[in-house]
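Beneath this line is the structure, given in structure tokens, with notes to follow.
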Amino acid sequence: MSIKEKYQKIEKTLKLPSFDSLNNDFEISLIEEEDFFLREIRRKMTERIEAYVKLVEPVLQPEAIVCDMHECKELSEDEKSKIFEVYKKLMFLHRYSAEISIDEDDKKTSLFINEVMKDWPAVKKQLAAILKKLKESWLADTELKEDLAYMG
């Protein structure tokens with residue numbers, strides 16, 4: 001039985017989002033371990049959430065690394081505030097996943113999956129805008145000295 005077929009077998013019972021939408025955003029078709037299928041879906045979703053946390057976090061709290069310092073200085077306080085709102089949502093979902101993992105069952109996991117998928121379109125849109133801004137910061141005219149001045 002394929003991952004898609006296995007998912008579709010429980011989709012209606014647990015009132016889960018469509019396989020295609022979940023797979024498109026979280027690549028659940030790559031799941032290999034099927035013993036704890038819903039847990040594996042939650043883990044895949046959490047991996048993606050965590051990856052975005054790691055992308056956003058250095059902008060909010062830069063380390064003395066040229067990349068972090070450069071991107072941070074290109075953002076206004078208003079933009080940083082908006083980024084923090086996205087970060088808060090990502091961290092809520094990340095901690096929600098951790099909480100569920102302590103005493104997991106299908107009901108809790110399906111609630112998590114639905115919560116993420118409810119918020120994910122808006123989060124994706126905000127992340128896309130943030131990443132576009134960060135990408136474009138690298139096209140700005142800056143001197144190497146200017147970026148390095150923040151480090152020393």
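Read the figures in this text as sums done on the coordinates, not as results from a lab. Note that the structure is predicted; figures quoted are calculated from it, not measured.
Below are the figures for this structure:
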quantity: (1) 33; (2) 46; (3) 42, with the label sought being that of the calculated percent of Cα pairs over 23 Å apart; calculated: (2)
quantity: Greater than 28 Å apart at Cα, pairs in 6/133; 89/133; 15/82; 4/80; calculated: 6/133; 15/82; 4/80
quantity: Calculated from backbone phi, Karplus (6.51, -1.76, 1.60) coupling profile of the range 21-38 in Hz, x at Gly/Pro; calculated: 5, 5, 5, 4, 8, 10, 6, 6, 5, 8, 5, 9, 8, 10, 4, 10, 4, 5
